[in-house]
Amino acid sequence: MYYFTFRSVTLAQRAYRLLTKAGVNGGLLRTPKALAMNGCGYCVRVRPENGAKAAQIMQAGNANWSKCWRYQPPEQPREVVL
């Protein structure tokens, strides 16, 4: 899964609404502890096959994320650039 972390819940909610409106399934949730850095308390999670599309939609809608992670417990999270 890809996890996009945000600096505020408002940005995370905006991103989630943009993705939902575009038909990209995902989830708005509290950031898993393994990914929570610098106060990123909320994130949007999407399936790997939707990662690039989600990034494009969020960028176009000015819902800029802090970091993007590829994470599937029990693996270690990896920061990725989309």
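The values are calculated or read from the model by the stated rules, or taken from the named source; none is laboratory data. Because the structure is predicted, anything quoted here is derived from the model rather than measured. Quick reminder, even Gly has a Cβ in these numbers, built from the backbone with ideal geometry, and neighbours come from all protein chains shown. Protein only, heavy atoms only, side chains kept; ligands, DNA and RNA dropped before computing areas. Shrake-Rupley method; radii C 1.70, N 1.55, O 1.52, S 1.80 Å.
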> Say the dipole of the chain comes from +1 at the beta carbon of Lys and Arg and -1 at that of Asp and Glu; which of Pro77, Asn25, Ala52 then lies farthest toward its positive end?
Replying inline: Asn25
>> Per residue, how large is the accessible surface of the chain? Use a 1.4 angstrom probe and give square angstrom.
In response: 61
>> Just to confirm the filter: which trypsin sites (Lys or Arg not before Pro) across the chain are DSSP coil and have at most 10 other Cβ within 10 angstrom of their Cβ?
In response: Lys33
>> Could you tell me the center-to-center distance, by alpha carbons, between region 14-37 and region 62-82 in angstrom?
In response: 11
> Can you give the Rg and Dmax of the chain based on its C-alpha atoms, in angstrom?
Replying inline: 11.2, 33
> Which percent of the accessible heavy-atom area of the chain goes to carbon and sulfur, probe 1.4 angstrom?
Replying inline: 47
> In percent, what relative contact order does the chain have, based on Cα pairs under 8 Å that are 6 or more apart in sequence?
Replying inline: 41
> How far, in degrees from 0 to 90, does helix 51-60 lean away from the longest principal axis of the Cα atoms of the chain, to the nearest 10?
Replying inline: 50
> Relative to the longest principal Cα axis of the chain, at what angle does helix 9-21 sit, 0 to 90 degrees, rounded to 10?
Replying inline: 60
